[in-house]
Amino acid sequence: MNSFENIARIMWLAVPRTKLSRKLVASAVYRWYKKNRIPEKEVTTAEGNWSEKEKVVVKYKKKWRRISKKTKQAIEQLLERAPVYKERTDKDRLRTDILFCRLAYGFMPFEYLCYGLEEKDMVGRLEYLSDCDKMLHFIKLNSLLDIDVLKEKHKTSAKFSDYYKRDVIKIGKPKDFNSFQEFTKKHHEFVKKPIGLSSGSGRSIAFINMDGRDKRECFNDLISSGKPVVLEERVIQSKTMAAFNSTSVNTVRCIAFHTKDGIILPYALFKTGRNGAFVDNAGNGGLVTGVDSQTGIVDTDGYSEFGERIEKHPDSGLRYKGFQLPDWEQMLRICTEMLNQLPEIKFISWDLAHTEDGWVVIEGNAHGALFGMQLVYERSFKKEIEEIMRNTKTIIK
């Protein structure tokens with residue numbers, strides 16, 4: 001669980017829900033995020049002088065050890081796995097600049113690669129919406145006191161059961177065994193999701209088949225970490241979606257904003273997994289494409305987590321661009337109806353899967369990444385997001 005989620009969880013328990021408390025909490029967390037950035041004056045100096053950049057990185061690496069440690073691990077993974085970096089002989093210089101971009105602008109290492117930040121100057125880098133920029137924007141849009149219903153997967157499924165259309169239970173203690181027994185009588189196959197983790201993390205989601213397994217032994221394994229988990233009835237996707245890859249549930253991410261003029265759904269993505277993978281996230285080799293949010297037609301090629309462009313799915317051979325996603329009007333209606341039920345949430349990313357009976361919701365993300373949009377369209381969406389925000393009632397200015 002990251003610092004943002006820890007703070008949100010504490011506030012959920014301790015702070016009353018009023019207009020003032022929502023504003024005070026948002027202001028406090030906004031300042032917390034804002035202070036973990038290198039001051040603009042030092043950024044400007046460092047961008048014009050490499051030796052100054054090295055000094056600044058050393059200085060703030062010590063000051064923000066937690067941030068730099070996590071980023072260092074991500075940098076090493078990127079340098080080891082990204083094809084364009086594997087054979088580079090100047091990796092120390094890359095490490096310095098990638099970490100600088102994290103501490104100065106809030107870019108994650110994978111964003112550095114996919115946005116081509118190595119070739120950009122300060123002006124070019126500031127044109128892109130970084131992961132930290134995104135968090136600062138969404139702290140203004142979404143009440144941190146009201147996102148618990150989206151962070152706790154079992155609460156989300158309970159509130160939107162008409163759209164989830166499947167059984168979901170939470171287990172975490174020995175007393176939950178009876179619920180587990182009843183659940184597994186109905187569902188011999190199911191999905192395990194730890195509470196509070198985002199969908200798509202290969203480490204967070206597991207497909208479980210009860211064939212030949214002792215129920216008590218399986219239950220004990222599931223709760224052995226001491227942390228509660230959510231078990232969901234398996235989603236069986238439609239043949240149309242399974243044609244891209246049948247082992248993963250291939251999903252659409254619909255990005256929605258509740259503006260002063262009503263709900264708008266300006267962006268959408270289509271994610272497909274690879275053969276043998278259960279999830280469709282990029283970290284497991286999945287590919288993401290852009291979708292025309294008005295028509296549901298895929299309008300870009302596929303992109304990997306390293307920014308590689310791929311015209312056809314590597315396993316099925318199906319071409320991405322031009323593919324019509326099914327029952328698109330139904331998908332748009334579902335996303336609109338759900339956001340209407342969350343008055344304190346102004347931005348959300350809904351993940352949905354298509355079945356033979358129509359669309360079902362996989363989950364909602366109260367601060368989902370916009371990285372995919374900037375990746376597949378190979379441009380910045382920063383100005384567009386800021387324009388949407390100007391027409392949205394925010395918690396703080």
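The values are calculated or read from the model by the stated rules, or taken from the named source; none is laboratory data. This is a predicted model, so every value here is computed, not measured. In this analysis, Cβ positions are derived from the backbone assuming ideal geometry, glycine residues included, and neighbour counts consider all displayed protein chains.
Computed quantities for the displayed model
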{"quantity": "Residue pairs meeting the criteria (Cβ under 6 Å; at least 6 apart or on separate chains; first more than 11 Å from A353 (Cα to Cα), in the range 221-245; second part of a loop (DSSP other than H, G, I, E, B) and of a type in the set (G, A, S))", "calculated": "I223/G172; P228/G172; F244/S316; N245/G273"}
{"quantity": "Single match in G212, G196, G200 (criterion: surrounded by fewer than 14 Cβ atoms within 10 Å (Cβ to Cβ), modelled with pLDDT under 95 and not in a strand (DSSP E or B))", "calculated": "G212"}
{"quantity": "L352 being assigned to a helix (DSSP H, G or I), farther than 20 Å from D261 by Cα and in contact with a helix residue (DSSP H, G or I) (Cβ under 7 Å, 6 or more places away or on another chain)", "calculated": "no"}
{"quantity": "Inter-residue pairs, beta-carbon under 9 Å, first assigned by TED's automatic domain parsing to the domain that holds R102 and in the range 39-53, second of a type in the set (S, T, Y) and surrounded by 12 or more Cβ atoms within 10 Å (Cβ to Cβ), 6+ apart", "calculated": "E42/Y60; V43/Y105; W50/T96; E52/T45; K53/T45; K53/T96"}
{"quantity": "Within the range 230-270, considering residues that are of a type in the set (F, W, Y) and part of a strand (DSSP E or B), the one surrounded by the most Cβ atoms within 10 Å (Cβ to Cβ)", "calculated": "F270"}
{"quantity": "Wholly enclosed helices (runs of 4 or more DSSP H) of the range 120-187 bearing at least 1 residues over 23 Å from V361 (Cβ atoms)", "calculated": "122-126, 131-141, 177-186"}
{"quantity": "Yes/no for F100 being under 14 Å from R37 (Cα atoms), assigned to a loop (DSSP other than H, G, I, E, B) and modelled with pLDDT of 95 or more", "calculated": "no"}
{"quantity": "Where a residue in the range 105-121 is in contact (Cβ under 8 Å) with a residue 60 or more places away in the chain and under 13 Å from S380 (Cα atoms) and its partner, wherever it lies, is in a helix (DSSP H, G or I) and of a type outside the set (G, A, S), with Cβ under 7 Å and at least six apart", "calculated": "E111/D131; E111/F371; C114/L375; Y115/Q374"}
{"quantity": "Flag for T89 being assigned to a helix (DSSP H, G or I) and not acidic (D, E)", "calculated": "no"}
{"quantity": "Whichever residue in the range 23-58 is small (G, A, S) and crowded, with 17+ Cβ neighbours inside 10 Å and, among such residues, is farthest from T394 (Cα to Cα)", "calculated": "A46"}
